Amino acid sequence: MSPDAPRKSLTAREVAEMLHGQLVGNPHREICDVQVVERAGPHQLTYIGDSRNLPRLRKSQAKLVIAPDSVRSELSEYPDVTFVVVPEAEPAFLSIAGVLFPPRHRSRTGISPHASIAASARIGANTNIHPFAVIGDDAVIGNNCDIHSGVVIGHGCVLGDDVVLHPNTVLYDGVQIGSHVTIHASCVIGADGFGYRFVDGRHVHLPHYGTVVIENDVEIGAGTTIDRAKVGETVIGTGTRIDNQVMIGHNCRIGRHNLIVSQVGFAGSVTTGDYVVCAGQVGVADHVSLGTGAVVGAKAGVHRDLPGGQSYLGSPAAPIAETTRQLMALKRLPDLRDAVRQLEKTVAGLVKQAGEQESSAA
């Protein structure tokens, strides 16, 4: 059997050998599938990421579990479970999943006769263009690319090698994409930004003459939109990972190896350094800069520049320690309100009593 051929089942001993892990328990346990811990059955491999999640095994039927070194001392509490102990559980688990369910090899389908390709377009070697893709004039597509059904590549777009555009993605005219880039379904790259002037009682659209440049080794999730620059370039830096349903406005410049999670919105001309993380539903105002290594927590609202190397939370976003103190203070507000009301009653009673004493003395 070839190394990448699918396996129907694996024993605990085989899993431990593949992972160079320590086997704790029955080496003959057998699995034929993978599943999350809550839904795993006796013949499904699962994993535990840390000690906080270890108690979930009490409600699971799983009998073979990949666990990290950090929980080794607690495994004796689960005598009916066989463990494979490794430094990090999740990547080990996923590597075994890849043995049971190896990814399909890239097929060589070539250029479909049902695709619409301009005569002036240039297509690289070993590139697949699926039915009903549309490729405009003077577009250049590199080697080993996969252009799926419903993709539209506009006039003058340039794609490097090993680019995958999933179904119904649209590249407007002039978009430039590096090599080893994956763009998932229904993304729109290079539409005009949201720019208007109010003239004579109506909103007049501002033309956008720039483009979008996506550098090498970028992955963009489904339904994401990246607007072209008014002039110049909107840039997505090398190694950046963008989740589904993210909005990046015109003239933004995203640094290298950023992580941008679902439903983040960047207004125009936002800039980020390298290794910036924006969690879900973060909103960043126009012309704001996020420094290298900044981490912005979920639902934060960023209205001013944030220095790098710190974590932020809240709206307006502030260093996480400061925001945490504010949130703790808010939790205490009902008790503080009750205390103030009691003080008001006490003071009112004392004032009344003092007044009565003055009257008596007179």
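Data overview
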read-out	value
5 angstrom amide H check on residue 211, placed H, neighbours 5+ away	229, 232, 233, 234
Axial C-alpha extent at least 18 Å, average Kyte-Doolittle at least -0.5 - helices from the chain (DSSP)	320-361
Neighbour-count ranking [beta-carbon atoms within 10 angstrom, fewest first] of 312, 196	196, 312
Whole-angstrom gap from the range 239-253 to the range 277-339, using each part's C-alpha centre	20 Å
30 Å Cα cut-off, lysine pairs counted over the chain (separation 8 or more, or different chains)	5
Label corresponding to Cα extents along the principal axes in Å when calculated from the structure given, among (1) 64, 59, 37; (2) 109, 78, 31; (3) 78, 41, 38	(2)
Extension gain (nm, one decimal) between residue 299 and residue 244, 0.36 nm per residue minus Cα-Cα	18.2 nm
Likely footprinting exposure, 57, 333, 94, 45, fewest C-beta neighbours within 10 Å first	333, 94, 57, 45
Order of 166, 114 - criterion: other Cβ atoms within 10 Å of each residue's Cβ, fewest first	114, 166
Helix-derived mean residue ellipticity, 222 nm - over the chain, DSSP H n ≥ 4, -39500 (n - 2.57), to 500	-6000 deg cm²/dmol
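Values quoted throughout were computed directly from the atomic coordinates according to the rules given, and no laboratory measurement underlies them. Remember, predicted model here, so these are calculated numbers, not experimental data. Here Cβ is always computed from backbone atoms with ideal geometry, including for glycine, and neighbour counts include all displayed protein chains.
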